[in-house]
1. Which residues, taken from segment B:238-279, are at pLDDT 95 or above, under 22 Å from A:ALA280 (Cβ atoms) and facing chain A (nearest Cβ under 8 Å)?
2. Which one of these does A:GLN182 not meet: (1) exposed (fewer than 14 other Cβ atoms within 10 Å of the Cβ); (2) within 13 Å of chain B (Cβ to nearest Cβ)?
3. Write out, first by first residue and then by second, each pair whose Cβ atoms fall under 8 Å of each other, whose residues are 6+ apart or on separate chains, and whose first residue, in segment B:12-25, is closer than 18 Å to B:PRO56 by Cα and at the interface with chain A (Cβ under 8 Å from one of its Cβ atoms) while the second is among the aromatic types (Phe, Trp, Tyr) and assigned to a loop (DSSP other than H, G, I, E, B).
4. I'd like to verify a number: residues in segment B:326-376 that are more than 14 Å from every other protein chain (Cβ to nearest Cβ) and either aromatic (Phe, Trp, Tyr) or at positive phi (or both), how many?
5. Could you check segment B:1-50 and list, in sequence order, the residues that are among the charged types (D, E, K, R), over 20 Å from B:GLN120 (Cα atoms) and buried (at least 18 other Cβ atoms within 10 Å of the Cβ)?
6. For B:GLU60, all conditions in the list (1) exposed (fewer than 12 other Cβ atoms within 10 Å of the Cβ); (2) within 14 Å of chain A (Cβ to nearest Cβ) hold save one; what is the number of the exception?
7. B:TYR199 passes all but one of (1) within 18 Å of B:ALA121 (Cβ to Cβ); (2) in contact with a strand residue (DSSP E or B) (Cβ under 9 Å, 6 or more places away or on another chain); which number fails?
8. Considering (1) in contact with a Ser or Thr (Cβ under 6 Å, 6 or more places away or on another chain); (2) part of a helix (DSSP H, G or I); (3) surrounded by fewer than 17 Cβ atoms within 10 Å (Cβ to Cβ), say which one B:GLY65 fails and leave the rest.
Amino acid sequence: MLLRYASAQQQARYLPGIRALRETWAVAFAEPEAAIDHTAMQTVAQPAGDGWRLQGEKCWVAQGHQARWLCCFARVQEDPESAHTALRNAALFAVPTNAAGVTLTAEKTFDGAQQMAAVSLDDVSLPASALLARSTDGAEFAHLFVTTEMSTLSQSAVARAQLDVLDAQLQTLDPADDLHSQRAAVAVELQALQAMELRYVDARQRQLQVPYPIELLRLRSREILLKLGALQVESFGYYALPYPDEMLLHNEGPIGPDTAAATVRQNLTQHVAALYAGSAEGLKDAAWQKLDRQKLDKQKPDKQSKPENKD
Amino acid sequence: MDFSFTEEQTLLEDSVAKYFQNDYDFDSRQQLVKSEDGFSKDNWSTFAELGWLGVPFSEEDGGFGGGAIESMLMAENFGKGLLVEPYLATVVLAGGAIKHGGSAEQKAKYLPGIIDGSTQAALAYAEPQGRFNLADLTTTASKADDGYVLNGYKAVAMNGPAADLLVISARTSGEQRDEDGVSVFVVDANADGVSRRDYPTVDGMRASEVTLEDVKVGADCLLGEEGQGLAIIERVIDDGIMAVGSEAVGCMEVLYKDTVEYCKTREQFGQPIGKFQVLQHRMVDMFMEHEQSKSLMYMAAMRMDEGYGPEAQKAVSAFKVQVGKSGRFVGQNAVQLHGGMGMTDELNIGHYFKRLTIIDTLFGNVDYHLKRFGRL
C-alpha cells in the first residue's frame, strides 16, 4: 500500500525500516460496526492546524499488537460541525503506535495465538506528513487492502509447502488408505490454481486485461489451504486430539508424532486467517461486481480485449 | 511462463471460430443430428479445404505440422459449436494411431485419404468388459499365412457407422489384461467378417458395436511392433483426452455465458433473477470451474508439446480430472439456473450438458485419472 499510494518522501521514510525488518506494520481497517461494509466506517480524521486529529476504534488488526506503525483507514471530516461525513471521503494515515492516544489490546483467537489487536484512537495528533493518500472512492482503498495482489499470487507456493508436509505424514500410512486419493484430488486443484496464477501474472506482464478477478484466486487458495489442513489433521488420526501447551511439550516431549501438535495448531490458524480480507461470500460478491461489468462478447477471444487498469 | 499464441496459431483459431459463428448455428447442428449420416459430408469437405483435417500431421505426411496447442485451439471451438462431424474419431484417434505407430509406407497409404477428406475412420479399442483399461482385451489376432486373423468384439467405436477404416486393438499374445501382447491393426471396415451394429449416442453422434469373425488382414496392416501396441493406444487416448477436454472447456464457456445472459433477462418475483445473490454466487462458481479447466488445458497442451512422457501424462490426467468435475458442475448448474427452459430439448443448454456428461466418462472418469495422476 505504501508503494502504491505514498509519496516518494514518505516511502523514503517508511520503507527502509520495513526492508531491514526493523519496524513492523499492521493495517487497521475493520471496526466493530464496519467490517465487510466499509461504508459504515466511523473512524474520523479532522484537520487540526497543519496536521490531523484521529478519533475512533479499530478491531481485528492482524499482527497489530506487535506493530510499530499502523496503516490506518479513516474518513476525512473537514467540517467540524457536520455529523455526517461524505461516504466516499476516505484516507490512509501512518500512525505510530507509541503516539499519545493510541491504545493496543491483544485479541485472542480460537487457535490460541494472540495475533490480532483492537486499537483505540483517542484524539491522536498526527503531522501533515502522516497522510499517505486520499481517495474520493473509499471502495478503491478497501479493495486494495482486500486483494493485496502479491500475497494472493504467492498462495500456491504456501500450499505446495503444506502438500509436502501432508506427503511426509502420508508415507507413514497404509498405501490403500483413502487419504492418498484425496491427496491426489487436492494436488490437482493446486495445479489448477498454479496455472491460474501464471495466467494472471502473464496477463499483467503483457498489460492485458486479467482473465479473472483476483478475489477468486484468493478464494481458491483459501479453499485449498483449508482442504490440505483438514487432510493433514486427518492423517494423524487420534493424535489430532492432544493439545499440549509449550511447557508440557518442553518438559515431557511430544504426544504422538512430533509434528502433530504444531500441525493441529496451524490448521486452526488457517481457519482464523480464512477470514482475513473477508468471508468467502464477500469475496464472491466482489468478484461478481467485476464479472458483471465485463462485456460477455462470445465472438471476441479474451486475448484481444482492451487492457483495463482495474483488476 | 508465456501464454501468448503465435501468429499462425491465432490465425488458425480465428478461422475456426469464424466458421462456427457464421456457418454452424445450433439449429442446423440439430438437423444434422437427426439426419441419416449424423453429420454433413459437405461440411467435411469444407474442413478438408480449410486444411483442418491435416493440422496434426507432419508436413512430410501432407499435413500442417501442428502440435498440441493447435489441436487444443481447434477443439475448444468445436466444443463451443457442439461439432458433430467426426474430427475426433477420424483425425485424432484413428489418424493419430497411424501417425504415432505407422511406418512411412503405412502413413503414405492411409493419411492422404484422411487429410483430403475422402476417408472416414474409427478407433475400435474398447471392449465390453474392459471399462477404462486399455489392455483388457479378449479380441484376438492369430498369426496365419502372411498376415493375421482377427476374432472378437469391440464396443462403442465412435464414428463406426461411417468408417471406411477401422483401427483395432487386439491381442496377439499374453493373458487378457497383460500390457504386453497388444497389437494394433488397420482394417478395411467392409472386409469379410466385419459386421457392425450402428446406433446414436446420447451426445448427438454415432457409434458401432463391431464383431470380427475370422477377419483376414495382411502383415502390412500391423501398426508398429507386434505385441507392443499398447503404447500406441495409450498415446492416442491421451491425444483424445486433450481433444475432448478442450471441447469441454468450450462447452463450459458457452454454458456460463448463456446462463449469465439468461439470468439478466429472465424475470420472476418482479426482477431479473440475476439480482438474487445466491444465483450470482453460483454463476461465479461456474465461471471459476471453467477458468480452472481452461488453465489446466493450457498447462497440459504445453507439456504435451514439450514432449510426451510421465510429466505430460500427469498433466493430461489432472486436466481430465478437472474437466470431469467442472463439466458436471457447470452443466448441471446451467440446467438448473435455466429453470423449466433448461429441461427442454429445443434449448441448447441440455445438449451441452449431455456432451459434458459424456466427456466425463470418455477415456477415463475422474477416479481413473486421479489414480493415474497419483501413480505418476
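The values are calculated or read from the model by the stated rules, or taken from the named source; none is laboratory data. All values reported here derive from a predicted model rather than from experimental measurement. As a convention, Cβ positions derive from the backbone with ideal geometry for all residues, glycine included, and neighbour counts pool all protein chains shown.
1. B:VAL260, the sole residue that qualifies.
2. Of the numbered conditions (1) exposed (fewer than 14 other Cβ atoms within 10 Å of the Cβ); (2) within 13 Å of chain B (Cβ to nearest Cβ), the odd one out for A:GLN182 is (1).
3. Here the result reads B:GLU13/B:PHE5, each pair linking segment B:12-25 to a residue that is among the aromatic types (Phe, Trp, Tyr) and assigned to a loop (DSSP other than H, G, I, E, B).
4. 3
5. Passing the criteria: only B:GLU13.
6. (2)
7. (1)
8. Failed condition: (2).
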